[in-house]
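Presented below is the structure to which this report refers.
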Amino acid sequence: MISNESVRTRRPRMSRADREQQMLDVAEEVFAERGYGAVSMEEIAERVGLSKPMLYEYFGSKEGLLLGVIRRARGELRETTEQAVGAAGSPEEVMRRGYIAYFRFNGAHRRAWLVLLQEPVLMRSAAEEIEAIRRQQSEMMVGLLAAHLPDRPRRALEAYAESMIGACERTALWLARNPEVTPEEAADHLMDLTWTGLASPAANS
């Protein structure tokens, strides 16, 4: 007969932080499969292998769980982008590396990310969290461009950044319909559109 002590030895208890990440992983997967509105906390708890009360203990509600998924994505996207552009030596390289990082992130989380961008039943708090991701990327982009293009007015850099974010999101939707396109190819297409304008004599005047 196997003792309880032996079982505990073979299966160490998961830490709270690791358990939380597991819950977020499963929630992201289920939201991607079925959409936020169609998913119940009971279904997510069953997939995690925990009781529904335990899931509520960690996140409070299904909305809280969704916000946890979005906030984690926000942190991961920021880290990914910062690492990608950190060694860039020119504004052109900053832009291209930033685009590639964004599209690689979308590739890794494509189904869930597209659900979040298009889900028609998201509550206001989730929509605000998604908008916070856009602001985060915009502020980061403005700072990076300002360091390489010090003569451009701040208002112009903000307009560039907002336009690039919109273009990235629409291109991400296009990539979902064209999975054979690589992040690098998608970045090249956006560079043809955006960098040509930034580098033109008119933009420098």
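The values are calculated or read from the model by the stated rules, or taken from the named source; none is laboratory data. Just so it is clear, the model here is predicted, and its values are computed rather than measured. Positions of Cβ are generated from backbone atoms using ideal geometry, with glycine treated the same way; all protein chains shown enter the neighbour counts. Heads up: the accessible areas ignore ligands, DNA and RNA and are worked out on the full protein's heavy atoms, side chains in. Shrake-Rupley method; radii C 1.70, N 1.55, O 1.52, S 1.80 Å.
Looking at the stretch 170-194 only, could you name the residues that are closer than 26 Å to Glu131 by Cβ and open to solvent by 30 Å² or more (accessible area, probe 1.4 Å)?
Listed by number, the residues that qualify are Arg170, Trp174, Ala176, Arg177, Pro183, His189, Leu193.
Within the stretch 23-37, does at least one residue satisfy the condition of being modelled with pLDDT under 90, within 30 Å of Ala146 (Cβ to Cβ) and open to solvent by less than 70 Å² (accessible area, probe 1.4 Å)?
Looking through the stretch 23-37, none of the residues is modelled with pLDDT under 90, within 30 Å of Ala146 (Cβ to Cβ) and open to solvent by less than 70 Å² (accessible area, probe 1.4 Å).
For the structure I just gave you, tell me whether Glu79 is modelled with pLDDT of 80 or more, in a helix (DSSP H, G or I) and within 27 Å of Thr196 (Cβ to Cβ).
No, not satisfied.
Have a look at Ala156, Ala161, Ala186, Ala167 and point out the one that is over 18 Å from the mean Cα position of the chain (by Cα), part of a helix (DSSP H, G or I) and modelled with pLDDT of 85 or more.
Of the residues listed, the single one that is over 18 Å from the mean Cα position of the chain (by Cα), part of a helix (DSSP H, G or I) and modelled with pLDDT of 85 or more is Ala156.
Quick check on my filter: what residues within the stretch 32-46 are assigned to a helix (DSSP H, G or I), more than 19 Å from Ala17 (Cβ to Cβ) and not hydroxyl-bearing (Ser, Thr, Tyr)?
Ala32, Glu33, Arg34, Gly37, Ala38, Met41, Glu42, Glu43, Glu46
Please indicate, with yes or no, whether at least one residue in the stretch 48-70 is in a helix (DSSP H, G or I), closer than 30 Å to Ala147 by Cα and modelled with pLDDT under 90.
Yes, the conditions are met somewhere in the stretch 48-70.
Of all residues in the stretch 39-49, count the ones that are of a type outside the set (Asp, Glu), open to solvent by less than 70 Å² (accessible area, probe 1.4 Å) and either in contact (Cβ under 8 Å) with a residue 12 or more places away in the chain or in contact with a Phe, Trp or Tyr (Cβ under 8 Å, 6 or more places away or on another chain) (or both).
Looking only at that region, the number is 5.
Against the condition open to solvent by 20 Å² or more (accessible area, probe 1.4 Å), basic (Lys, Arg) and under 21 Å from the mean Cα position of the chain (by Cα), how does Lys52 come out, does it pass?
When the stated conditions are applied, Lys52 does not pass them.
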